Amino acid sequence: MSLNAVAERLSLTRPVKASLSVAIFSMMMGLAGCNNASTPTENTDAESQTPATENAETSASNDTATTDDGQVVTIYSSRNEQLIKPLLDKYTEKTGVKIELVTDKAGPLMARLEAEGQNTPADMLLTVDAGNLWQAAQQGLLQPVASTVLESNVPAKYRDPEGQWTGLSLRARTIFYDPSKVNTDQLSTYADLADPKWKGKLCLRSSNAVYNQSLVASMIENLGAEKTEEIVRGWADNLATDVFSNDTSMLEAIAAGQCEVGIANSYYYGRLLDEKPDFPVKIFWANQDTTGTHVNISGAGVVANSDNPDGALKLMEWLSSDEAQGLYASSDKEYPVKEGIDESDMLRSWGTFKQDNINVQKFGERQTQAVQMMDKVGYK
Ligand code: FE
């Protein structure tokens, strides 16, 4: 029975009906969420874990936003509130547009959008990983937008070809190692971590993380399913210990000597270095002689049932501007999605690297295949 049908039977009025549907749907998702590996729910862990406290300096201002008093844009966001709030406050200060921020994990937010349907107050979905944004688009939760501003600020490989979502910041998912045990000449590719030489030395985060689903999806796209399955099986065979529930604890396990190598997102490493400048783990850019390092996005889309799609789009456009991009880069150790923006000193110290050129939309398209593959080889 559909949720609306459940509400219908109870003969409720429309607004009550909507919130009841939400409640029932949230309950169902809550019960179902954890066991369904193909549902991209458990992915924002440290988005709400380690606060990004550093207040960024503003780069040169470009005043594309105009004053628009009285308007409200409601955002459903899975991003760390402490990270995103200063950016949104800046927008309100510049334009007078008020922003309602609703924060939760990506899965529950999408479930909520679906359940609320036309009654949703949301105008924008702000989340991490192209896999999540692709999923939201597949579920019909977003609407296509045409924006010359986004087209000029955001490279095409970081946007949905149909305009349903756009990247707003970049993160590299790459190799980290213990420099007291590993030399860089022993490191090369994600595939090499499947070699028996790493037996009992590799740490990985759970395959439930959409970040790993997207990485494996990109490998399927680049190397084919057969080769990728061989690699993922090799990873599972090489594990030093059980998989980790987040990137931060995986990095800490390398620091503690539990393993010698692992895979994590760059900004988690940056946050750890902020706290402990002598954190004894090093970053290595994977696949520099082959496909390039895997890069994913954080991003946003205009909600399909938004009452204020223009307001949402204007905000998205501002988030891609020089001013906002500079803030993204300095406050969360992420890379700007727009070219020509200064990176933070820390990011610069990690050096430049070749990025995988794949269109991030592929991470979504190959997600189910990636999940099934990891399950098949026993990568938990
Ligand atoms: Fe994250």
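The values are calculated or read from the model by the stated rules, or taken from the named source; none is laboratory data. The structure presented is a predicted model; accordingly, all values stated were derived computationally and were not measured. Please note: Cβ atoms are built from the backbone with ideal geometry, for glycine as well, and neighbour counts cover all protein chains shown.
Got a number for residues in region 149-179 being assigned by TED's automatic domain parsing to the domain that holds Ala209, surrounded by 15 or more Cβ atoms within 10 Å (Cβ to Cβ) and either modelled with pLDDT under 95 or away from the ligand (no atom under 16 Å from the Cβ) (or both)?
Residues meeting the conditions: 3.
Given the criterion crowded, with 17+ Cβ neighbours inside 10 Å and either at negative phi or away from the ligand (no atom under 16 Å from the Cβ) (or both), identify the matching residue among Ala111, Ala146. Before you say what the answer is, go through the steps one by one.
Details: Ala146 fails: crowded, with 17+ Cβ neighbours inside 10 Å.
Within the list Ala111, Ala146, the selection yields Ala111.
Would you mind stating whether Gln135 is under 21 Å from the mean Cα position of the chain (by Cα) and outside the structural domain of Phe244 (by TED's automatic domain parsing)?
yes
Could you say whether any residue in region 360-368 is surrounded by 22 or more Cβ atoms within 10 Å (Cβ to Cβ) and small (Gly, Ala, Ser)?
So far as region 360-368 goes, yes, one or more of its residues are surrounded by 22 or more Cβ atoms within 10 Å (Cβ to Cβ) and small (Gly, Ala, Ser).
When only residues in region 76-86 that are surrounded by 22 or more Cβ atoms within 10 Å (Cβ to Cβ) and within 15 Å of Leu319 (Cα to Cα) count, which is modelled with the lowest pLDDT?
Checked region 76-86; the qualifying residue modelled with the lowest pLDDT is Leu83.
Only one of these is part of a loop (DSSP other than H, G, I, E, B), surrounded by 20 or more Cβ atoms within 10 Å (Cβ to Cβ), out of contact with any Lys or Arg (no Cβ under 8 Å at 6 or more places or on another chain) and not aliphatic (A, V, I, L, M): Lys314, Lys338. Name it. I'd like the intermediate steps shown before the answer.
Numbers: Lys314 fails: part of a loop (DSSP other than H, G, I, E, B).
Only one candidate passes the filter, namely Lys338.
If a residue must be surrounded by fewer than 20 Cβ atoms within 10 Å (Cβ to Cβ) and either within 16 Å of the ligand (Cβ to nearest atom) or of a type in the set (A, V, I, L, M, F, W, C) (or both), how many such residues does region 284-303 contain?
So the count comes out to 2.
Just checking, how many residues over region 206-226 are part of a helix (DSSP H, G or I), of a type in the set (A, V, I, L, M, F, W, C) and under 11 Å from the mean Cα position of the chain (by Cα)? Explain how you work it out, then say what you get.
So in region 206-226, the residues part of a helix (DSSP H, G or I) come out as 210-223, 225-226.
From the residues that got through so far, the ones that are of a type in the set (A, V, I, L, M, F, W, C) too are 210, 215-217, 219-220, 223, 225.
Remaining after also requiring under 11 Å from the mean Cα position of the chain (by Cα): 210.
So the answer is 1.
Does Ser330 satisfy the condition of being over 13 Å from Ile297 (Cα atoms) and either free of Cβ contacts under 8 Å to residues at least 12 places away in the same chain or not assigned by TED's automatic domain parsing to the domain that holds Ala156 (or both)?
No.
As an exercise: evaluate Asp307 against (1) surrounded by fewer than 19 Cβ atoms within 10 Å (Cβ to Cβ); (2) within 16 Å of the ligand (Cβ to nearest atom) and give the number of the one condition it does not meet.
If we test Asp307 against (1) surrounded by fewer than 19 Cβ atoms within 10 Å (Cβ to Cβ); (2) within 16 Å of the ligand (Cβ to nearest atom), just (2) comes out false.
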